[in-house]
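Q: The structure is given below, and queries will be raised subsequently.
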Amino acid sequence: MKPVSILRHGFVGLVAVWSVFPFVWMAVAATNSSADVIKGRTLPGGYLIENIQAFMTAVDLPRVLWNSAIISGVGTVLTLTVSALAGYGFEMFRSRFRERVFAGLMLMLSIPFAALMIPLFVMMAKAKLINSYSAVILPMVASVFVIFYFRQATKAFPRELRDAAKIDGLSEWQIFAFVYVPVMRSTFAAATIIVFMANWNNYLWPLVVLQTNDKFTLTLAVASVGIGYTPDYGLIMVGAIAATLPTLLIFFLLQRRFVEGMLGAVK
Amino acid sequence: MGVRSKIWTKSLGMMAVSSTLALSAGAGWAADLTVWCWDPNFNGSTMEKAFAIYQASHPEDTLTIEYFDKTALEQKMQTQLAAGVTDGLPDIVLVGDEMAQKFLLAFPGAFEPLTDELDYAAMAPNKVAVATVDGETYSMPFDSGVTGYFYRSDILGEAGYTAADLEDITWDRLIEIGQDVLQKTGKQLLPIDTNDAGPLLMMMQSAGGWYFDAEGNPTIKDNAALRATLETYARLVNSGIVKPVNGWPEYTGSFTSGETLSTYIGVWITGTIKANADQAGKWAVAPIPRLDGVPGAVNASNLGGSSWYVFADAPNKDDAIDFLKTVWGADIDFYQQILVENGAVGSLMTARDGEAYQAVDDFFGGQPVWQNFSTWLSEIPPINFGIYTQEANAALVGQLPALLAGGDVDEIIDAIDAQVQAQIQ
């Protein structure tokens with residue numbers, strides 16, 4: 001190997017170790033007692049079963065997994081539906097107000113969520129939705145970022161396909177469902193990962209709007225166990241793994257499409 | 001009168017009847033009390049035990065506890081109170097003492113005053129002070145953050161220091177001891193996280209000082225306690241006996257692994273220290289050192305601690321107050337139970353006459369540690385946290401690098417003051 005190549009491999013290897021280390025440490029820490037984690041032990045230990053048992057006692061795992069799955073699953077489907085329709089509409093239909101409305105939407109990206117939290121809470125309280133799945137899902141459905149993402153991706157969608165479909169007598173809804181969606185599947189895959197992960201990891205809003213532990217998502221549950229005055233780091237790491245695995249799974253399942261989607265959907 | 005208004009009148013009448021019934025039923029009415037707190041092994045566990053006692057005389061009542069991370073709970077409560085929505089709030093909530101004034105002043109009317117319900121003369125004065133606004137006290141004081149100087153008596157003993165040598169000393173004396181111990185054992189005395197205001201706050205409060213006066217006005221300039229704290233802290237950290245650490249795990253890891261030999265902090269650390277059963281008999285607790293040359297400085301201080309509050313709009317307000325009053329406000333045996341089982345040092349001063357408080361602890365070499373802690377608890381100078389303690393802490397921590405690099409204390413005080421004043425505007 002040439003010296004330059006060795007250097008390059010060395011550098012890439014270093015970066016890889018750098019980014020993978022936290023995950024390795026999370027896995028190793030899950031097998032150690034809290035006292036060992038505090039002392040900085042980096043070798044696997046024999047406490048995995050105990051930590052898992054402690055975690056399962058502290059958290060109703062099936063329950064919170066179910067909560068997370070419902071919120072993230074339904075949230076993702078609704079968000080993709082609304083945002084893909086919006087992205088399609090913004091790109092396909094010409095109107096005098098199109099760019100102005102879109103610019104207005106873009107402006108909303110600059111409003112921090114913290115500023116929206118109190119009015120949203122009041123709205124949810126008025127709708128009697130506090131402590132319900134809907135209260136977590138609804139505010140996330142119309143995601144400006146995902147609309148923007150779909151509109152950008154739609155720019156690459158061949159208009160000829162739409163024209164041809166129209167000549168064949170398809171309605172606009174049919175074109176969307178039977179032509180646009182299959183062609184844009186990579187975009188949908190990438191958006192699924194982005195939206196699902198955002199919903200799965202969402203912390204602040206579910207925390208504010210969910211009032212009882214039995215409605216908690218996995219992320220919230222992990223954040224509220226093993227804490228307190230004597231944190232149990234072994235237990236916390238088991239929780240961190242439990243919270244990471246499902247997103248990893250989704251990512252690997254959709255990985256190829258995700259990369260395609262990021263590079264541009266239509267070939 | 002139309003059918004509609006007839007139904008309306010009828011239902012109004014029924015409502016009146018049922019609410020009269022509810023009132024006359026009083027304490028016999030079954031209540032499901034809800035509580036928000038943050039530690040299932042500590043405050044949640046003690047709450048369950050208190051309720052078990054209460055349930056003996058109120059078998060109809062039930063208790064539901066929801067757990068949140070402490071900071072998360074504060075954020076959640078802040079958002080909900082700011083939104084002015086009381087739906088879904090619990091009957092009782094646990095609030096950290098350092099946050100109490102902030103909530104009480106920012107959301108007047110949100111919490112129920114308990115001044116007429118509880119005998120506050122029997123509670124630790126510093127705990128009552130943090131929950132009092134305009135003469136009304138709002139809390140059922142719970143765990144104390146009374147501080148102690150926890151040290152490895154075995155290793156300090158080998159270096160020639162006994163418990164008597166650490167009793168009622170100043171910080172400068174501790175530095176001398178630490179340097180001698182370092183020379184003899186090669187080990188540093190204290191782990192300190194220099195991004196944490198805690199170690200300075202304990203010093204400042206031990207002299208009855210704080211960033212604010214009783215009215216909440218900043219007293220950062222011309223503050224003898226703060227000045228002495230900054231000077232002492234700089235001397236301490238730069239004396240060579242302090243190991244700088246980063247974050248909570250490294251801090252606790254340092255003294256539980258034997259890398260450093262002691263720490264000064266709130267009594268709630270006891271659980272973390274005693275979790276290392278192999279170190280039984282090797283630890284002892286002394287009162288924390290005091291600031292030299294500041295009038296009113298004592299060998300007692302406070303860090304942390306929390307209290308129970310009842311929401312003014314709580315669905316079971318009367319039951320919640322009755323419960324807190326009967327068990328938390330009066331049951332001395334209950335306080336012995338949670339001391340032994342949870343290591344919780346309560347704030348009801350009469351509880352210290354009970355059996356558990358008198359007992360010695362073999363982990364701490366047979367010292368009557370709980371008796372000592374409750375003595376120090378009664379000596380803590382009361383202070384007013386005000387609304388802006390968090391902001392002042394941030395300003396203080398921001399100046400610590402300059403302080404430890406040998407910066408001028410006057411300039412540092414000016415900088416802290418300027419930042420706090422700007423935040424308050």
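Q: Looking at the range B:228-274 only, could you name the residues that are hydroxyl-bearing (Ser, Thr, Tyr) and touching a strand residue (DSSP E or B) at 6+ places or on another chain (Cβ under 7 Å)?
A: B:Tyr251, B:Ser254, B:Thr260, B:Ser262, B:Thr263, B:Tyr264, listed by residue number.
Q: Give me the residue from the range B:261-280 that is at pLDDT 95 or above and within 15 Å of B:Ile155 (Cα to Cα) and, out of that set, nearest to the other protein chains (Cβ to nearest Cβ).
A: Among residues in the range B:261-280 that are at pLDDT 95 or above and within 15 Å of B:Ile155 (Cα to Cα), the one nearest to the other protein chains (Cβ to nearest Cβ) is B:Thr263.
Q: Follow-up question, since we're still on this one. Is it the case that the range B:154-166 has a residue that's within 14 Å of another protein chain (Cβ to nearest Cβ) and in a helix (DSSP H, G or I)?
A: no
Q: Can you give me the number of residues within the range B:179-212 that are in a loop (DSSP other than H, G, I, E, B) and closer than 17 Å to B:Pro287 by Cβ?
A: Here the count works out to 3.
Q: Also: For the range A:26-60, how many residues meet the condition of being surrounded by fewer than 15 Cβ atoms within 10 Å (Cβ to Cβ) and within 13 Å of chain B (Cβ to nearest Cβ)?
A: The qualifying residues number 2.
Q: Taking the range B:72-107 as the search range and keeping residues that are polar (S, T, N, Q) and assigned to a helix (DSSP H, G or I), which one is nearest to the chain's Cα centre (by Cα)?
A: It comes out as B:Gln101.
Q: What's the number of the condition A:Ile130 fails, among (1) β-branched (Val, Ile, Thr); (2) in a helix (DSSP H, G or I); (3) in contact with an Asp or Glu (Cβ under 8 Å, 6 or more places away or on another chain)?
A: (2)
Q: Also, quick follow-up: Which one of B:Ala129, B:Ala159 is touching a helix residue (DSSP H, G or I) at 6+ places or on another chain (Cβ under 6 Å) and surrounded by fewer than 24 Cβ atoms within 10 Å (Cβ to Cβ)?
A: On inspection, the qualifying residue turns out to be B:Ala159.
Q: Taking the stated definitions as given, is B:Gly96 in contact with a helix residue (DSSP H, G or I) (Cβ under 9 Å, 6 or more places away or on another chain) and either crowded, with 22+ Cβ neighbours inside 10 Å or assigned by TED's automatic domain parsing to the domain that holds B:Leu200 (or both)?
A: So B:Gly96 fails the test.
Q: Hey, any hits in the range A:236-257 for a residue that's in a loop (DSSP other than H, G, I, E, B), surrounded by 19 or more Cβ atoms within 10 Å (Cβ to Cβ), of a type outside the set (Gly, Ala, Ser) and within 13 Å of chain B (Cβ to nearest Cβ)?
A: no
Q: Let me ask something additional. Tell me which of these B:Gly365 doesn't satisfy, since it passes every other one: (1) farther than 15 Å from B:Leu226 by Cβ; (2) under 24 Å from the mean Cα position of the chain (by Cα); (3) in contact (Cβ under 8 Å) with a residue 12 or more places away in the chain.
A: (2)
Q: Only one of B:Leu377, B:Leu291 is closer than 16 Å to B:Gly145 by Cα and hydrophobic (A, V, I, L, M, F, W, C). Can you tell me which?
A: Criteria check complete, one pass: B:Leu377.
Q: Right, something else. Consider A:Gln211 carefully, then state whether it is within 14 Å of chain B (Cβ to nearest Cβ) and either in contact (Cβ under 8 Å) with a residue 40 or more places away in the chain or in a helix (DSSP H, G or I) (or both).
A: Yes; evaluated as a whole, the condition is true for this residue.
Q: Among the residues of the range B:28-64, write down those that are crowded, with 20+ Cβ neighbours inside 10 Å, more than 20 Å from the chain's Cα centre (by Cα) and either β-branched (Val, Ile, Thr) or within 12 Å of chain A (Cβ to nearest Cβ) (or both).
A: Hit for the range B:28-64 is B:Thr34, nothing else.
The values are calculated or read from the model by the stated rules, or taken from the named source; none is laboratory data. Keep in mind the model is a prediction, meaning the values are calculated, not measured. FYI the Cβ positions are ideal-geometry reconstructions off the backbone, even for glycines, and counts take in every protein chain you see.
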